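Novice: First, the structure itself, so that you have it in front of you.
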Amino acid sequence: MQNPRVRRSTTVAFALTVTLIGLSVQLQPSPASAESKELSIKAAFVYQFATLTKWPDSAFQGGDAPFRIGVMDDPDFAVALSSAVSNKQLEGHPIEVELLTGTPSPGCCHVVYLPNEEAGKLPEILQLSSAGPVLTVSDAKAFVEQGGMIQLNRQGNRLHFSINRGSALQSNLTISSRLLRLATEVIERDGS
(Lines give C-alpha, C1' and ligand atoms only; values in the text may rest on other atoms or scores of the structure.)
Protein backbone atom coordinates (compact mmCIF):
# COMPACT_ATOMS: atom_id res chain seq x y z
CA MET A 1 0.00 0.00 0.00
CA GLN A 2 1.35 3.40 -0.98
CA ASN A 3 2.19 5.87 1.78
CA PRO A 4 -0.63 8.52 1.98
CA ARG A 5 1.98 11.29 2.16
CA VAL A 6 3.65 10.11 -1.05
CA ARG A 7 0.28 9.79 -2.78
CA ARG A 8 -0.73 13.28 -1.57
CA SER A 9 2.63 14.71 -2.62
CA THR A 10 2.33 13.20 -6.10
CA THR A 11 -1.25 14.42 -6.43
CA VAL A 12 -0.28 17.91 -5.28
CA ALA A 13 2.68 18.04 -7.68
CA PHE A 14 0.51 16.99 -10.61
CA ALA A 15 -2.28 19.41 -9.68
CA LEU A 16 0.19 22.27 -9.28
CA THR A 17 1.86 21.59 -12.61
CA VAL A 18 -1.48 21.37 -14.45
CA THR A 19 -2.77 24.49 -12.67
CA LEU A 20 0.28 26.65 -13.30
CA ILE A 21 0.62 25.53 -16.92
CA GLY A 22 -3.05 26.18 -17.47
CA LEU A 23 -2.87 29.55 -15.76
CA SER A 24 0.08 30.70 -17.80
CA VAL A 25 -1.46 29.70 -21.13
CA GLN A 26 -3.50 32.75 -22.08
CA LEU A 27 -4.29 36.16 -20.68
CA GLN A 28 -6.69 37.44 -23.32
CA PRO A 29 -6.40 41.18 -24.08
CA SER A 30 -10.06 42.31 -23.91
CA PRO A 31 -11.12 45.21 -21.61
CA ALA A 32 -13.03 44.44 -18.37
CA SER A 33 -13.21 40.67 -18.71
CA ALA A 34 -9.46 40.48 -19.37
CA GLU A 35 -8.69 42.47 -16.24
CA SER A 36 -11.03 40.27 -14.19
CA LYS A 37 -9.49 37.14 -15.69
CA GLU A 38 -5.97 38.37 -15.00
CA LEU A 39 -6.89 39.11 -11.37
CA SER A 40 -8.33 35.60 -11.02
CA ILE A 41 -5.20 34.06 -12.52
CA LYS A 42 -2.92 36.10 -10.23
CA ALA A 43 -5.08 35.07 -7.27
CA ALA A 44 -4.69 31.40 -8.21
CA PHE A 45 -0.92 31.87 -8.47
CA VAL A 46 -0.76 33.50 -5.00
CA TYR A 47 -2.78 30.63 -3.53
CA GLN A 48 -0.49 28.05 -5.17
CA PHE A 49 2.60 29.93 -3.92
CA ALA A 50 1.21 29.68 -0.38
CA THR A 51 0.48 25.95 -0.71
CA LEU A 52 4.07 25.31 -1.81
CA THR A 53 5.76 27.31 0.93
CA LYS A 54 6.48 25.95 4.40
CA TRP A 55 6.07 28.21 7.44
CA PRO A 56 7.58 27.41 10.83
CA ASP A 57 5.07 26.22 13.45
CA SER A 58 5.78 29.41 15.41
CA ALA A 59 4.07 31.41 12.62
CA PHE A 60 0.68 30.22 13.91
CA GLN A 61 -0.86 31.08 17.26
CA GLY A 62 -2.58 27.71 17.49
CA GLY A 63 -3.70 24.67 15.57
CA ASP A 64 -6.86 26.33 14.29
CA ALA A 65 -5.41 29.82 13.82
CA PRO A 66 -6.21 31.29 10.39
CA PHE A 67 -3.73 31.55 7.56
CA ARG A 68 -3.86 35.25 6.59
CA ILE A 69 -3.13 36.73 3.18
CA GLY A 70 -2.90 40.51 3.07
CA VAL A 71 -3.41 42.59 -0.07
CA MET A 72 -1.95 46.11 -0.04
CA ASP A 73 -4.46 48.74 -1.18
CA ASP A 74 -6.00 46.75 -4.05
CA PRO A 75 -9.66 45.97 -3.28
CA ASP A 76 -10.30 44.34 -6.68
CA PHE A 77 -7.47 41.86 -6.17
CA ALA A 78 -8.56 41.22 -2.58
CA VAL A 79 -12.02 40.24 -3.88
CA ALA A 80 -10.52 37.97 -6.57
CA LEU A 81 -8.22 36.35 -4.02
CA SER A 82 -11.07 35.87 -1.52
CA SER A 83 -13.02 34.10 -4.23
CA ALA A 84 -10.03 31.89 -5.15
CA VAL A 85 -9.48 30.74 -1.56
CA SER A 86 -13.12 30.54 -0.49
CA ASN A 87 -13.66 27.53 1.80
CA LYS A 88 -10.03 26.41 1.44
CA GLN A 89 -7.53 25.57 4.14
CA LEU A 90 -3.77 25.49 4.23
CA GLU A 91 -2.25 22.75 6.38
CA GLY A 92 -5.48 22.71 8.43
CA HIS A 93 -5.66 26.49 8.82
CA PRO A 94 -8.67 28.33 7.34
CA ILE A 95 -7.53 30.99 4.85
CA GLU A 96 -8.53 34.61 5.37
CA VAL A 97 -7.88 37.51 2.97
CA GLU A 98 -7.47 40.99 4.37
CA LEU A 99 -7.28 44.31 2.52
CA LEU A 100 -4.35 46.20 4.04
CA THR A 101 -4.26 49.98 4.06
CA GLY A 102 -1.57 52.13 5.58
CA THR A 103 1.42 50.45 7.17
CA PRO A 104 0.80 46.79 8.01
CA SER A 105 1.95 45.59 11.41
CA PRO A 106 4.45 42.75 11.84
CA GLY A 107 2.72 39.41 12.22
CA CYS A 108 -0.49 40.60 10.53
CA CYS A 109 -0.24 38.11 7.67
CA HIS A 110 1.55 35.04 6.39
CA VAL A 111 1.51 36.34 2.80
CA VAL A 112 1.48 39.96 1.64
CA TYR A 113 0.69 40.87 -1.96
CA LEU A 114 1.94 44.25 -3.16
CA PRO A 115 0.45 45.42 -6.48
CA ASN A 116 2.69 47.28 -8.92
CA GLU A 117 0.70 50.47 -8.28
CA GLU A 118 1.81 50.35 -4.63
CA ALA A 119 5.50 49.64 -5.34
CA GLY A 120 6.44 52.73 -3.31
CA LYS A 121 5.51 50.73 -0.20
CA LEU A 122 8.18 48.12 -0.88
CA PRO A 123 10.40 49.18 2.07
CA GLU A 124 7.45 48.67 4.48
CA ILE A 125 6.75 45.24 3.03
CA LEU A 126 10.39 44.18 3.26
CA GLN A 127 10.41 45.24 6.93
CA LEU A 128 7.51 42.84 7.55
CA SER A 129 9.46 39.92 6.12
CA SER A 130 12.54 40.81 8.15
CA ALA A 131 10.40 40.80 11.33
CA GLY A 132 9.04 37.31 10.78
CA PRO A 133 7.99 34.63 8.31
CA VAL A 134 5.97 36.60 5.72
CA LEU A 135 5.94 35.53 2.07
CA THR A 136 6.05 38.66 -0.09
CA VAL A 137 4.55 38.59 -3.59
CA SER A 138 4.27 41.39 -6.14
CA ASP A 139 4.01 42.21 -9.82
CA ALA A 140 6.23 45.28 -9.33
CA LYS A 141 9.32 45.52 -11.54
CA ALA A 142 12.61 44.39 -9.95
CA PHE A 143 10.74 43.16 -6.83
CA VAL A 144 12.91 40.07 -6.30
CA GLU A 145 16.11 41.98 -7.02
CA GLN A 146 15.21 44.38 -4.19
CA GLY A 147 14.57 41.62 -1.66
CA GLY A 148 10.97 40.60 -2.37
CA MET A 149 10.35 36.85 -2.54
CA ILE A 150 8.10 36.12 -5.53
CA GLN A 151 7.55 38.40 -8.51
CA LEU A 152 4.81 37.86 -11.07
CA ASN A 153 5.95 38.77 -14.58
CA ARG A 154 3.71 39.23 -17.57
CA GLN A 155 5.40 38.28 -20.84
CA GLY A 156 3.02 38.82 -23.75
CA ASN A 157 -0.14 36.89 -22.95
CA ARG A 158 1.51 34.72 -20.31
CA LEU A 159 2.15 35.09 -16.62
CA HIS A 160 5.44 33.77 -15.21
CA PHE A 161 7.19 34.22 -11.88
CA SER A 162 10.65 34.74 -10.40
CA ILE A 163 11.72 33.74 -6.89
CA ASN A 164 14.28 35.18 -4.49
CA ARG A 165 15.00 32.05 -2.47
CA GLY A 166 17.59 33.86 -0.34
CA SER A 167 15.00 36.33 0.95
CA ALA A 168 12.58 33.51 1.74
CA LEU A 169 15.21 31.52 3.65
CA GLN A 170 16.22 34.63 5.58
CA SER A 171 12.58 34.92 6.73
CA ASN A 172 12.56 31.26 7.80
CA LEU A 173 10.36 30.18 4.87
CA THR A 174 11.03 27.15 2.71
CA ILE A 175 9.82 27.28 -0.88
CA SER A 176 9.10 23.89 -2.43
CA SER A 177 11.62 22.57 -4.93
CA ARG A 178 8.69 21.96 -7.30
CA LEU A 179 7.84 25.67 -7.27
CA LEU A 180 11.51 26.60 -7.68
CA ARG A 181 11.70 24.41 -10.81
CA LEU A 182 8.70 26.19 -12.36
CA ALA A 183 10.14 29.69 -11.81
CA THR A 184 11.69 31.49 -14.78
CA GLU A 185 14.42 32.84 -12.48
CA VAL A 186 15.63 31.88 -9.00
CA ILE A 187 17.86 34.24 -7.04
CA GLU A 188 19.77 32.45 -4.27
CA ARG A 189 20.81 35.53 -2.31
CA ASP A 190 18.87 38.14 -0.39
CA GLY A 191 18.40 41.20 -2.61
CA SER A 192 18.08 43.80 0.14
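The values are calculated or read from the model by the stated rules, or taken from the named source; none is laboratory data. Since this is a predicted model, take the numbers as computed values, not measurements. So basically every Cβ, Gly included, is an ideal-geometry build from the backbone, and we count neighbours across all protein chains shown. The protein model used for the area step is the full one, side chains on, heavy atoms only, and it has no ligands, DNA or RNA in it. Shrake-Rupley method; radii C 1.70, N 1.55, O 1.52, S 1.80 Å.
Novice: Please work out the C-alpha center-to-center distance from the range 67-89 to the range 137-190 and express it in whole Å.
Specialist: 20 Å
Novice: For Ser82, Ser162, Ser130, give the ranking by accessible area with the largest first, probe 1.4 Å.
Specialist: Ser130, Ser82, Ser162
Novice: Moving to a separate point now. Work through the residues other than Thr174 whose Cβ is under 10 Å from its Cβ and net out their charges, Lys, Arg +1 and Asp, Glu -1.
Specialist: +2
Novice: Given contacts defined as C-alpha pairs under 8 Å and at least six residues apart, what's the relative contact order of the range 109-192, whole-number percent?
Specialist: The normalised contact order for the range 109-192 reaches 25 percent.
Novice: Might you work out the accessible area of Leu169 for me, using a 1.4 Å probe with all protein chains in place, and round it to the nearest 10 Å²?
Specialist: For Leu169, the solvent-accessible surface is approximately 90 Å².
Novice: At a 1.4 Å probe radius, which order do Leu99, Leu152 fall into by accessible area, largest first?
Specialist: Leu99, Leu152
Novice: Name the shape class, rounded, prolate or oblate, that the alpha-carbon gyration tensor gives for the range 57-183, where a ≥ b ≥ c are the square roots of its eigenvalues, rounded holds for a/c under 1.5, and otherwise prolate holds if a/b is larger than b/c and oblate otherwise.
Specialist: Judged from the Cα gyration tensor, the range 57-183 comes out rounded (a/c under 1.5).
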